[in-house]
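The values are calculated or read from the model by the stated rules, or taken from the named source; none is laboratory data. Values in this document were obtained by computation on a predicted structure and should not be read as measured data. Reconstructed Cβ throughout: ideal geometry from the backbone, glycine too, with neighbour counts over all protein chains shown. Heavy atoms of the whole protein, side chains included, go into the accessibility calculation; ligands, DNA and RNA do not. Shrake-Rupley method; radii C 1.70, N 1.55, O 1.52, S 1.80 Å.
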Amino acid sequence: MGILAFTVKPNIPPRLGTLEELARNLWISWNYEAIMLFMRLDYDAWMASRQNPVRMLGMVPQEKLEQAAKDDSFLAALDAVWAKFQRYLAAERWYKGASDRAIAYFSMEYGLDVALPVYSGGLGMLSGDHLKTSSDIGLPLVGVGLLYRQGYFQQYLNMDGFQQESYPENDWYNMPVTLCRDAAGAPITIQVDLGPLHIAAWIWKVSVGRNALYLLDTNIEGNPEPVRLITASLYGGDREMRIQQEILLGIGGIRALDALGIKAGCLHMNEGHSAFMGLERIRRLMADSKLAFEEAWHCVWSTNVFTTHTPVPAGNERFDPGLMEKYFSSLAHELGLSWKQFLGLGREDPGNDGEEFCLTVLALRLSAYNNGVSRLHGSVSRSMWHRIWPSLPEDEIPITHITNGVHPRSWITHDMVDLLDRFLGPEFHDSPTNPDTWDRIDRVSDEELWRTHERRRERMVAFARQRLQQQLARRGVTNSELARTTDALSPYTLTISFARRFATYKRADLLLSDPDRLVRLLTHAERPVQLIFAGKAHPHDMAGKEIIKKLVHFASDPRVSSRIVFLEDYDMTMSRYLTSGSDLWLNTPRRPLEASGTSGMKAAMNGTLNVSILDGWWDEAYSTHIGWAIGRGEEYDDHALQDRVESEALYDLLEREIIPLFYHRGMDGLPREWIRRMKDSMREVGRRFSTHRMLLEYTGSFYAPALANARSLMGNGCNACKDTAAYLARLRRAWDSIRIEQVESPSDRILSVGDTISVKARISLAGLAPEDLGVELYYGPLSSQGDIEQPRRQEMAPCGESGGASLYCAQVRCDQTGRQGYTVRILPRHESLVHPFLPGLIKWA
């Protein structure tokens, strides 16, 4: 059947033209005055559109649009919001660097707004906040991702409480995305080879304040049906579908930037899904600049950033060598690599033919700048990927950490934002990079803060009752059961929420370990507690689905049915209600399996207190005056024992500290000590865990140096890359012949604090010049096993020759007592190397 397509747009009166432009920029998602315009225009249409401003404008009756265009009050509000938007676009930027080269940020998902459902969980929320914050501070950053026509699934439960999934189609012509077209009006199209398939993809643009996100779409005419399904759903399909999505994201993403004329100097892989991007960059440099593989590799390595999010080896993307050969055999040939060399790029041990190809390993080998997403996760990541640098001490593995944050104005509820704007002053809005603004939180009176929080709890309870009624009606329960939803939860009761992905390691059912004890907490006559659970299990995670079912069954007990609920289809809207309206935010992961977590940060900035295992971000944020810790950071091999110990600890905290503190009221009815903790929590978390702090760290540590590298390495015919590659080739040829022949010290064996120890090393350079090598004295206190603890490094200087070998000397002042030790090591040394820690190039005495 031949169908001819055409597009119908809403007939917006000219006076409301700015409203349509606002609808297509997600700046409105963190500016409540803008959202209020759409709610004011037609609240029913706003809710029916699922808070999608583009779709909503097409649903508003024409008469209402015409009336609004003549309404002086509405137009005044519109003009005020438009003026605020224009001031934002024109405001002075924190970032003062050059903008001739962009920072390209690649992620599999983006949680920008409920109107753009191309996210599943924490990774997407972080990506969305990253883009919003880059706009706030004026970073020249663009996002790259995929446009999923079904997004992630919508969750619903059957009568038995078992999770089911539905996949509604997204209508991109009624969403805040715009198809990118060339000067002739034709869609900009890229081509990507997927093994034997030659596919095409369109590029769609999402405006995020000053910046843009570009999403690739294979659901276009001309592509065969299996290819059109590549961008059907997020994290859907089998292993072949996954590798196709990741080829499109990585390789297709680079080609999309080129097609759009965007010159990227720094490229950031947010998780390993986009790691194939590095191979495409190398291929293009080899083809366009006539570089050898090693030369192109150095250019790419020096300008790539990689953020890992997964704290367990099994969670990292791996592919069978046979599947890799199907899709990459021709690329290996283009790169001038043997098949074994190519697979070695994705193996911890390149010589192990039985090892699968890991995208995290590929990303680490192609990036000079690597990080985990919390202090603890950085340590876990260095341990997990130690095999790539087997001769390097674990604390020197080149994976640092930049702790995640959240975008405050996206997640602090508008009631609280209004309060903070009044008391923290204009700096809170105008200077989000200034953490000291949060020190003014004590200006807010206890009375106003508590009244604002109580309003949020009341609205959360009303929202939860409405959602509960809707989900029970879908299940077909009786009218009497529906009527009972009006009594579900209380707006005056201590409310604990657990809302996140239902992976088994997060242990959503930890509180159910002692059902009778929990019933007593929930039904206490004077100090009751209520619980709200929400979150999705992955469609293939049967264990996660069983936990949801277990919670739903417990919640059906008549004794507690009004005190515990599970809300279906957790999304950004629900998250805002729960993080702002709850009193306590519960997090119970198995340490150290939580890489960071950000929902607790959102809760804290709204005044909700945290009680959590010391894992992820809470391991570095926790102090006794801002929340509670379950345990002291212990790790267990026996999971049953861990669950028993930590559930007991959680019950004890609730019974002995948390519940009594919440219900301890003064003569004025205010829980003053609880409010003090709210303020301390808001101050500490606001100061340290915003994405503005995070982006300043990324810029200073990664983006600015990488952009500088791009300018210095890729200019002048890439001569600097050629020079560095020649140096590394010369070094590798000589490496096995380099010898540390002798290390000696004329100093006494027993020294006093303040004395100096002199060390001399005789090294055979195998024909290299002394300046080609970094020779270091590696020293510090010795452990009982004879290892150097808390090591320090000092460069040794050339100090002569002896018998054809070069001498290197160093002196160290003794400033610690006890048993000390030292050794000597050799590393690469070249001005163009970001760091000297290259796999296979470290030699110890």
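Values for this structure:
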| quantity | calculated |
| --- | --- |
| Residues (within 29 Å of the chain's Cα centre (by Cα), among the charged types (D, E, K, R) and part of a loop (DSSP other than H, G, I, E, B)) located in segment 194-221 | R210 |
| Matching residues in segment 782-802 - criterion: being open to solvent by 90 Å² or more (accessible area, probe 1.4 Å) and closer than 19 Å to Q742 by Cα | R793, E795, E801 |
| Those residues of segment 630-671 which are under 16 Å from N587 (Cβ atoms), among the small types (G, A, S) and outside any helix (DSSP H, G or I), in sequence order | G631, G633 |
| Cβ-Cβ under 8 Å pairs, at least 6 apart or on other chains, segment 727-749 side touching a residue at least 12 places away in the same chain (Cβ under 8 Å), far side assigned to a helix (DSSP H, G or I) | Y727/D772; L728/E294; L728/H298; A729/E294; R730/D772; L731/D772 |
| Matching helices (runs of 4 or more DSSP H) fully within segment 1-98 where at least 1 residues are loosely packed, with under 15 Cβ neighbours inside 10 Å | 17-23, 32-41, 43-48, 62-68, 72-90 |
| Any hit, segment 425-432, residues being of a type in the set (S, T, N, Q), under 24 Å from the mean Cα position of the chain (by Cα) and under 30 Å from V834 (Cβ atoms) | no |
| Count - residues of segment 298-328 that are part of a helix (DSSP H, G or I) and either open to solvent by 60 Å² or more (accessible area, probe 1.4 Å) or within 26 Å of Y727 (Cα to Cα) (or both) | 8 |
| Any pair with Cβ under 8 angstrom, 6 or more apart, that starts in segment 687-704 at a residue that is within 16 Å of S374 (Cβ to Cβ) and ends at one that is open to solvent by 50 Å² or more (accessible area, probe 1.4 Å) and in a helix (DSSP H, G or I) | R693/R687 |
| Residue match in segment 634-646 (condition: out of contact with any Lys or Arg (no Cβ under 6 Å at 6 or more places or on another chain) and crowded, with 22+ Cβ neighbours inside 10 Å) | no |
| Listing of helices (runs of 4 or more DSSP H) fully contained in segment 355-458 that carry 2 or more residues being open to solvent by 40 Å² or more (accessible area, probe 1.4 Å) and either at positive phi or touching a strand residue (DSSP E or B) at 6+ places or on another chain (Cβ under 9 Å) (or both) | 375-384 |
| Residues of segment 329-354 satisfying the condition of being exposed (fewer than 14 other Cβ atoms within 10 Å of the Cβ) and either of a type in the set (D, E) or more than 24 Å from D288 (Cβ to Cβ) (or both) | K340, D349, G351, N352, D353, G354 |
| Qualifying positions in segment 603-633 - buried (at least 23 other Cβ atoms within 10 Å of the Cβ), of a type in the set (A, V, I, L, M, F, W, C) and touching an Asp or Glu at 6+ places or on another chain (Cβ under 6 Å) | I630 |
| Residue tally, condition touching a strand residue (DSSP E or B) at 6+ places or on another chain (Cβ under 8 Å) and under 15 Å from L37 (Cα atoms), over segment 69-127 | 1 |
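For every residue, the table says whether it meets (1) under 20 Å from G128 (Cβ atoms); (2) surrounded by fewer than 18 Cβ atoms within 10 Å (Cβ to Cβ).
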residue: G161; (1), (2): no, no
residue: Q164; (1), (2): no, yes
residue: E169; (1), (2): no, yes
residue: Y173; (1), (2): no, yes
residue: P176; (1), (2): yes, no
residue: L179; (1), (2): no, yes
residue: G209; (1), (2): yes, no
